[in-house]
1. Show me the helices (runs of 4 or more DSSP H) entirely contained within segment 282-372 in which 2 or more residues are at pLDDT 95 or above.
2. Kindly evaluate Ala243 against the criterion of being among the aliphatic types (A, V, I, L, M), at pLDDT below 90 and either at negative phi or surrounded by 20 or more Cβ atoms within 10 Å (Cβ to Cβ) (or both).
3. Can you find even one residue in segment 166-182 that is open to solvent by 10 Å² or more (accessible area, probe 1.4 Å), of a type in the set (A, V, I, L, M), outside any helix (DSSP H, G or I) and at pLDDT 95 or above?
4. Does Glu110 meet the test of being of a type in the set (Asp, Glu), outside any loop (DSSP other than H, G, I, E, B), modelled with pLDDT of 95 or more and open to solvent by 30 Å² or more (accessible area, probe 1.4 Å)?
5. Of the conditions (1) part of a helix (DSSP H, G or I); (2) surrounded by 20 or more Cβ atoms within 10 Å (Cβ to Cβ), Thr138 clears all except one; give me its number.
6. Please verify whether Lys124 is touching a residue at least 40 places away in the same chain (Cβ under 8 Å), assigned to a loop (DSSP other than H, G, I, E, B) and closer than 23 Å to Gly20 by Cβ, treating the condition exactly as stated.
7. Do the conditions hold for Val227, that is, is it crowded, with 23+ Cβ neighbours inside 10 Å, β-branched (Val, Ile, Thr), in a loop (DSSP other than H, G, I, E, B) and within 19 Å of the chain's Cα centre (by Cα)?
8. May I ask you to say which residue of Gly233, Gly229, Gly225 is in contact (Cβ under 8 Å) with a residue 24 or more places away in the chain, in contact with a Lys or Arg (Cβ under 6 Å, 6 or more places away or on another chain) and not aromatic (Phe, Trp, Tyr)?
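The values are calculated or read from the model by the stated rules, or taken from the named source; none is laboratory data. These numbers were taken from a predicted model, which means no experiment stands behind them. We place every Cβ from the backbone using ideal geometry, glycine too, and count neighbours over all the protein chains shown. SASA here: full protein model, heavy atoms, side chains in, ligands and nucleic acids out. Shrake-Rupley method; radii C 1.70, N 1.55, O 1.52, S 1.80 Å.
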Amino acid sequence: RQGPQPKPASLPNLKGLKVGVSEKIISAQEGWLPHRFKIHDDLKARTAVFSNGDMTVAFVGADLFGMGWKDINPMRDRAKELGVDHLILAMSHNHAAGDTIGVYGHYPAEFIAFIQDQVVESVKEALANMQDVVELRTASKELPMDGIRVQGLFRNARNPGVLDPTISLVQAIGKNGKPITTMVHFACHVESLQKGAREMSADFPGYMCDQIEQDGGGQPIFLNGAVGGMVSGDNRARTHESAEVMGLQLAKIVKEMIPTATSASTHAFTVDQRLLQIPTTNPNFIERFESGLRSNYRGRITTDMMYVKLGEAQFITLPGELLPEVSFEILEEMNGFPRMLLGLANDQIGYMVPPYDFRVDAYEESVSQGPAAATQVRDMAIRMLKEKF
């Protein structure tokens, strides 16, 4: 479904679906952060909480580099105390947000605690301003490829040309006919700024979200995709100005897509959550186990994945950076509209590289659990798709 679509004769009954939105700053103004970074523009947690009375799910798009299961699960537990059945913390993988994992030698416990408090407060605030949803609108567009690049926006630096050029959106419309939230999904590393820079920034998703809000899209939320391999921005200047250009270009594409959005024909709202254990053979990750940053049982790490249906839209969470060629195998089994794989959602276990492309001494492999991760994530996603709903 691309381009103008016929309008439905009538809207489906969404059976009491509500949504509440909120936005909180997560770049700490005091304590740990200012001693190491200058804040160019604030990092944010952007939240949309959906509920139909039986199920409540919070989608939080956060301007974060990444965070482990150990630090995300306390937020999920606190959200449950507020009445939220499932929290999805979808991290943008922003390289200008500081290391919230500890992979570069420093674990910022004070910063982590601040982020946890702000995310929970954002969920609490969203729950306090729930509104009726009268329509769910969805749109998806395959952006044109220019050789191995996507419209001058994205590229795969590892396997050139192998990436998903799709950008998708889900909008919840209120009684006044205006969007309450616009959730935007595509796959791209958020690293438009010069590596090693000591300035904190939300990078291009921040500029994109700000512009979508100015354009009347309600609360914007960015959901990243299968960014492994390295699916990155086609940005050579590596400056704040070029990041802004990219963000505004993406916002313009979203604005052009909104008139083509179609109304969901179903009120479906379901969630499936599964645990999985991944064998870890990378010595670098074994060191992290010994540091206490990850739990380990008989050489395996535990994480989880979720499958959410909201209207016709399908979401599957990925606990890290899946290579796009593996994501295609999952997308083939999905029949919703749009189909969205959420990278770095509720965990960041590193790169998930398929066994047939696992290379000795390549960068992605150096920050991967081992060749089993990609296939286990793929198999779990397909199992959820086939066994429920």
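1. So the answer is 324-331.
2. no
3. yes
4. The answer is no for Glu110.
5. Among (1) part of a helix (DSSP H, G or I); (2) surrounded by 20 or more Cβ atoms within 10 Å (Cβ to Cβ), Thr138 violates only (1).
6. no
7. Yes.
8. Going through Gly233, Gly229, Gly225 in turn, just one is in contact (Cβ under 8 Å) with a residue 24 or more places away in the chain, in contact with a Lys or Arg (Cβ under 6 Å, 6 or more places away or on another chain) and not aromatic (Phe, Trp, Tyr): Gly229.
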